[in-house]
Every structure is written in structure tokens, then in C-alpha cells.
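Working notes, structure below.
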Amino acid sequence: MILYLILMAPALIFMIYAQVKVKSTYSKYAKVYNHRGITGAQAASQVLKANGLSDVPVEIVEGKLTDHYDPGKRVLRLSPEVAGTPSVAAVGIALHEVGHAMQHKTKYGMMGLRSSLVPAANIGSTFGWILIMGGVLLMGLSQALGEMVAVAGIFLFSAAVLFTLVTLPVEFNASSRARQMIKDTSLLVGQEYDGASAVLSAAALTYVAAMLQAVAQLLYFVFLVFGLRRD
């Protein structure tokens, strides 16, 4: 338990900070309307068309901050608040998702790698820890068998951790593209641009936090399994 707290506490604290930061920053700039009165959906449609992606539809998806780009169906989905509000935050978030659509169009390598990792990451996050804990229990009956099962679980869980690592450059690149698109189109100017950039930076912290938490969890599993080895 002490080892778990030592490894996980910093990551959990950073996760809480990231969540508070993104909520407060979004709330602040969701109330600041842009000078052009353009909504997130309008901004996304306009920039998609300007970049030769008029065949990518913009759809509404229920929930708050559920915005995402679906590369499988080539659809950009925005939450109702982002889609229908002419705020600085809405434009920033919408163009971040357009950034993902542009990554897809240009065959951005890290996006392709992340997509290829999805099946393994889903299996690893679901079953990896089960095999690890099951292996730890089996060590009481058979050290070799328990260790083999636990190590297999560690490898599975590692796929989920790798997914969080690969996600970072994908998300950072999408935000960088969004900032450049805002500048190129002048959809936001001056302090409006600064506000949208702040929203994008705050959102990026959540991906960093998820990565740190996953790495800390993996380290705990490694120390747990190999710490139980008998000489």
C-alpha cells in the first residue's frame, strides 16, 4: 500500500490539478464571445471546407466536452455547447478536432500508430491488471506459473500505457494545427486567440496526467510482481 501511494500520489494530484485547470479555463472562455459571432460548428465547417475536407460532416454528439474526430467514419463530432456557442473556447476546441481531421488527411504517422494501438490498448486496460493480480495470487501455489501469468498481464497493460504515450504528440500536434488555423483564418484575434490557446493548453494537461497515471500504475505492477520473486 505504501509503495502504491508513493508511485500513484503524484500522478493523482496532477490529474486533479489538470481537471480543475481545464474546467476553470473552459468555463472562463466559454463565456467570452468572439468578435465574429461564429460558433464552433460554423468555424469547423468553414475551415474543413477551406482545407479540402468539405466531405467531412460536422455532427452533434450528446454530453459536455465530448468533442472528437472519428477517423473510421471520417466524421467530426461536437458537443452541443461547443457546436452552438459563438465563444472563444468553442472555436478553439472545434479547430482542435479539425486538426485531427487534417492529421488524417495528411496521414500523420503518430495518428496512424495510435489508431493501430486501439485494439491492444483496450484489451490491455481491461484484462492486463486481471492477469497481474491473478498471477500474484497464483504465486502462492506455483511461483513459476504465477510469475508467467503476471508477466503476461504486465505486457498487456504496457500496450495501454504505450497508447497514452503515443496520444501526447497526436494531441499536441492537433492543438498546434488549431492555433495555426486560427491565425491563418483570423477567426480569433488578439486576446481571443490567447484565450483559445489557453483552453487548448489546459486540455493538453489532461493527456499528460493520463499518461503519468498509466506509467505510475505500470511501475507499481512491475515492482509488485518482481518484488514477490523468490531467490
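Observations on the model:
- Entries in LYS28/LYS105; LYS23/LYS105; LYS49/LYS107; LYS23/LYS107 that, when Cα-Cα distance is taken, lie over 29 Å: LYS28/LYS105; LYS23/LYS105; LYS23/LYS107
- With all pairs of separate Cα atoms included, the chain yields a Kirkwood hydrodynamic radius of 19.3 Å.
- For region 49-119, alpha-carbon Rg relative to the globular expectation (2.2 N^0.38 Å, N residues): 1.12
- The mean sequence separation of alpha-carbon pairs under 8 Å and at least six residues apart, normalised by the residue count of the chain, gives a relative contact order of 26 percent.
- Cα Rg, Dmax (largest Cα-Cα span) when computed across region 133-212, Å: 21.4, 67
- Per-residue Cβ neighbour rank within 10 angstrom, fewest leading, ARG74, ARG179: ARG74, ARG179
- A convex hull fitted to the Cα coordinates of region 94-142 yields 88 cubic angstrom per residue.
- Net charge over other residues, Cβ less than 15 angstrom from the Cβ of GLU59 (K, R count +1; D, E count -1): -3
- Sequence of LEU131, LEU5, LEU95 once ranked by neighbouring C-beta atoms within 10 Å, starting from the fewest: LEU5, LEU131, LEU95
- Think of it as helices only: each DSSP H run of n ≥ 4 in the chain is worth -39500 (n - 2.57), and spread over all residues that comes to -26500 deg cm²/dmol at 222 nm.
- Extended-chain gain in nm, criterion 0.36 nm per residue less alpha-carbon gap, VAL222 and VAL189: 7.0 nm
- Qualifying chymotrypsin sites (Phe, Trp or Tyr not before Pro) in region 95-183, where qualification requires a DSSP coil assignment and no more than 13 other C-beta atoms within 10 Å, are lacking entirely.
- FRET efficiency estimate (nearest 0.05) - Cβ-Cβ, ILE6 to SER142, R0 35 angstrom: 0.75
- Taking the fewest neighbouring Cβ atoms within 10 Å as the starting point, the ordered list for VAL166, VAL215 is VAL215, VAL166.
- Within region 1-127, the proportion of Cα pairs with more than 24 Å between them is 43 percent.
Here, each number is a calculation from the coordinates, and none is a lab measurement. Just so you know, these numbers come straight off a predicted model, no measurement behind them. No Cβ is skipped: glycine too gets one built from the backbone with ideal geometry, and neighbour counts run over all protein chains shown.
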